[in-house]
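Student: Have a look at the structure that comes next, please.
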Amino acid sequence: MSDRTENAKQVLAAQTIELPSWAFGNSGTRFKVFAQHGVPRDPYEKIADAAQVNQYTGAAGSVALHIPWDKVDDYQALAAHAADHGIAIGTINSNTFQDDDYMLGSVCHPDPAVRRKATAHLLECVDIMDATGSRDLKLWFADGTNYPGQDSIADRQDRLADVLAEVYARLGDDQRLLLEYKLFEPAFYTTDVPDWGTAYAHCLKLGPKAQVVIDTGHHAPGTNIEFIVALLQREGKLGGFDFNSRFYADDDLMVGSADPFQLFRIMHELALRGAVGPDSGIAYMLDQCHNIEPKIPGQIRSVMNVQEATAKALLIDTDALAEAQAAGDVLGANAVLMDAYNTDVRPLLAELREEQGLAADPMAAYAASGYAEKIKADRQGGQAAGWGA
Ligand code: AOS
Ligand code: ZN
Ligand code: ZN
């Protein structure tokens, strides 16, 4: 086995992808939420399902919570429950978009009382992080306006900056604030954090514990996401990913399903800089909803898609690539990249799993386990993930 393949296996063995608790609940669009049989009835069952994904992939050691969708009385007990299932509670995601009060925004709302309410929620999320031992607070704001003149664009930025500063000051030494941007939706005219530049400017002002999170589905069609990845990583401001796929907008389909080549290009920028592993300071997460496919297999497939893109990126002959680049050999450099992309890495990953004591085919192993049938029989009246319910 070549050194490159051996190194790829080592990096892949350590890779971990965080799962979103909301992927396991019922979800849909604003037109319809389709209920599936056997979905979790509470956060404890969501964690049990997330643990299944880890059991069959060995690469999903933590689950992100969403507050209040995963509200419980005792977060330490929830963290202990996760540990009993062999996983940890990861990122805490806030929600400042579901209350009637937030119709005109949350942290950017013109009314200080609404901003206070939103800030109190964000601070409560940090309390929860203290209890769960979470490192990251992920902030996504639905704030924006629908009509020109509706509110002052600049004043809204000031309000946002003030709230972020207050939350930042509350963070512990080892805690971080991850600011997520999104081009549009639910606001259609201005969005208060629409792009990486806005998120970066706020994070830069806040300090080193504030980092940008890239949700792959939150860009205009044709955006070169790997450029944003390379730039933020170079600036030390890439805090994490919300992985998913898009065909049209914020589709939240399985990562690597719409455009596996884009995922490979993203992972290449990270692999080049040794930033794929858990020590990279980059939180690799999925942010998906499985509206029409079964949820646990959907998450298993997604983790496998990330692994496959990563394996291909790690197999790039970086010496040959650097040589071709230095020589100005355009076709040669491109061929090096495409050789790796066109490699079938599934046998390599199957071999790695067997070495780790896992089944070579996680999808088949889960299907054969009987877990899906068991939860269908045991659980009645599963919970909505929170969307559109
Ligand atoms: C919303 O579009 C964002 O992608 C959020 O990251 C996320 O889906 C939501 O806040 C659930 O936590
Ligand atoms: Zn997201
Ligand atoms: Zn989104």
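Student: May I ask you to list the residues in the stretch 11-41 that are surrounded by fewer than 13 Cβ atoms within 10 Å (Cβ to Cβ) and within 29 Å of residue 267 (Cα to Cα)?
Tutor: 14
Student: Which one of these does residue 223 not meet: (1) surrounded by 16 or more Cβ atoms within 10 Å (Cβ to Cβ); (2) without any contact (Cβ under 8 Å) to a residue 60 or more places away in the chain; (3) among the polar types (S, T, N, Q)?
Tutor: Against the list (1) surrounded by 16 or more Cβ atoms within 10 Å (Cβ to Cβ); (2) without any contact (Cβ under 8 Å) to a residue 60 or more places away in the chain; (3) among the polar types (S, T, N, Q), residue 223 comes up short only on (1).
Student: Provide a single number: the residues in the stretch 259-297 that are more than 16 Å from ligand 2 (Cβ to nearest atom), part of a helix (DSSP H, G or I) and among the hydrophobic types (A, V, I, L, M, F, W, C).
Tutor: Within the stretch 259-297, residues that are more than 16 Å from ligand 2 (Cβ to nearest atom), part of a helix (DSSP H, G or I) and among the hydrophobic types (A, V, I, L, M, F, W, C) number 7.
Student: Within the stretch 178-186, can one find any residue that is under 27 Å from residue 257 (Cβ atoms), outside any loop (DSSP other than H, G, I, E, B) and touching a Gly at 6+ places or on another chain (Cβ under 7 Å)? Spell out how you get there, then give the answer.
Tutor: Step one: filter the stretch 178-186 for residues under 27 Å from residue 257 (Cβ atoms), giving 178-186.
Next cut, outside any loop (DSSP other than H, G, I, E, B) only: 178-180.
Those still in the list that are touching a Gly at 6+ places or on another chain (Cβ under 7 Å) too: 178.
The answer is yes; a qualifying residue exists.
Student: Restricting to helices (runs of 4 or more DSSP H) lying wholly in the stretch 327-389: which have 2 or more residues that are in contact with a Phe, Trp or Tyr (Cβ under 7 Å, 6 or more places away or on another chain)?
Tutor: Passing ranges, in order: 362-369.
Yes/no matrix, rows are residues, columns are (1) closer than 28 Å to residue 209 by Cα; (2) within 16 Å of ligand 1 (Cβ to nearest atom):
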residue	(1), (2)
224	yes, no
227	yes, no
233	yes, no
236	yes, no
260	no, no
271	yes, no
284	yes, yes
292	no, no
298	no, yes
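Student: Still on this structure, I have one more. Looking only at the stretch 335-366, how many residues end up being surrounded by 16 or more Cβ atoms within 10 Å (Cβ to Cβ) and in contact (Cβ under 8 Å) with a residue 24 or more places away in the chain?
Tutor: Result for the stretch 335-366: 13.
Student: Looking at the stretch 78-95, which of its residues are more than 13 Å from ligand 1 (Cβ to nearest atom) and either closer than 11 Å to residue 51 by Cβ or not in a helix (DSSP H, G or I) (or both)? Reasoning before the result, please.
Tutor: Pass one, the stretch 78-95, residues more than 13 Å from ligand 1 (Cβ to nearest atom): 78-89.
If the condition is that a residue be more than 13 Å from ligand 1 (Cβ to nearest atom) and either closer than 11 Å to residue 51 by Cβ or not in a helix (DSSP H, G or I) (or both), then 81, 82, 83, 84, 85, 86, 87, 88, 89 are the ones that fit.
Student: Among the hydrophobic types (A, V, I, L, M, F, W, C), outside any helix (DSSP H, G or I) and over 21 Å from residue 196 (Cα atoms): does that describe residue 123?
Tutor: Answer is no for this residue.
Student: In the stretch 227-257, what residues are closer than 19 Å to residue 17 by Cα, more than 12 Å from ligand 2 (Cβ to nearest atom) and of a type in the set (A, V, I, L, M)?
Tutor: 229, 238, 253, 254, listed by residue number.
Student: Scan (1) part of a helix (DSSP H, G or I); (2) in contact with a Phe, Trp or Tyr (Cβ under 7 Å, 6 or more places away or on another chain) for the single condition residue 107 breaks and write down its number.
Tutor: Condition not satisfied by residue 107: (1).
Student: I'm trying to understand the selection: among the residues of the stretch 1-21, which are in a helix (DSSP H, G or I) and at pLDDT below 95?
Tutor: 3
Student: Could you identify the single residue in 179, 204, 171, 164 that is within 16 Å of ligand 2 (Cβ to nearest atom) and either under 13 Å from residue 139 (Cα atoms) or under 22 Å from the mean Cα position of the chain (by Cα) (or both)?
Tutor: Of the residues listed, the single one that is within 16 Å of ligand 2 (Cβ to nearest atom) and either under 13 Å from residue 139 (Cα atoms) or under 22 Å from the mean Cα position of the chain (by Cα) (or both) is 179.
For (1) within 16 Å of ligand 3 (Cβ to nearest atom); (2) basic (Lys, Arg); (3) under 24 Å from the mean Cα position of the chain (by Cα); (4) under 20 Å from residue 265 (Cα atoms), each residue gets a yes or a no:
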residue	(1), (2), (3), (4)
305	no, no, yes, yes
311	no, no, yes, yes
324	no, no, no, yes
355	no, no, no, no
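Yes or no, residue by residue, for (1) modelled with pLDDT under 95; (2) farther than 24 Å from residue 200 by Cβ; (3) among the aromatic types (Phe, Trp, Tyr):
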residue: 224; (1), (2), (3): no, no, no
residue: 241; (1), (2), (3): no, no, yes
residue: 244; (1), (2), (3): no, no, no
residue: 251; (1), (2), (3): no, yes, no
residue: 257; (1), (2), (3): no, yes, no
residue: 276; (1), (2), (3): no, no, no
residue: 283; (1), (2), (3): no, no, no
residue: 303; (1), (2), (3): no, yes, no
residue: 312; (1), (2), (3): no, yes, no
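Student: Sticking with this one: Can you tell me which of 163, 213 is touching a residue at least 40 places away in the same chain (Cβ under 8 Å) and either polar (S, T, N, Q) or assigned to a helix (DSSP H, G or I) (or both)?
Tutor: Criteria check complete, one pass: 163.
Student: If we keep just the residues of the stretch 22-77 that are assigned to a helix (DSSP H, G or I) and either among the charged types (D, E, K, R) or in contact with an Asp or Glu (Cβ under 6 Å, 6 or more places away or on another chain) (or both), which is nearest to ligand 3 (Cβ to nearest atom)?
Tutor: Going through the qualifying residues, I end up with 24.
Student: Another question, then. Out of the residues in the stretch 137-151 that are charged (D, E, K, R) and surrounded by 24 or more Cβ atoms within 10 Å (Cβ to Cβ), which is farthest from ligand 3 (Cβ to nearest atom)?
Tutor: Across the stretch 137-151, the extreme among qualifying residues is 143.
Student: If you check residue 388 against the conditions, is it surrounded by 15 or more Cβ atoms within 10 Å (Cβ to Cβ), at pLDDT below 95, small (Gly, Ala, Ser) and closer than 26 Å to residue 22 by Cβ?
Tutor: Yes; evaluated as a whole, the condition is true for this residue.
The values are calculated or read from the model by the stated rules, or taken from the named source; none is laboratory data. The structure displayed is predicted, hence computed values, not measured ones. Cβ: placed from backbone, ideal geometry, glycine included. Neighbour counts: every protein chain shown.
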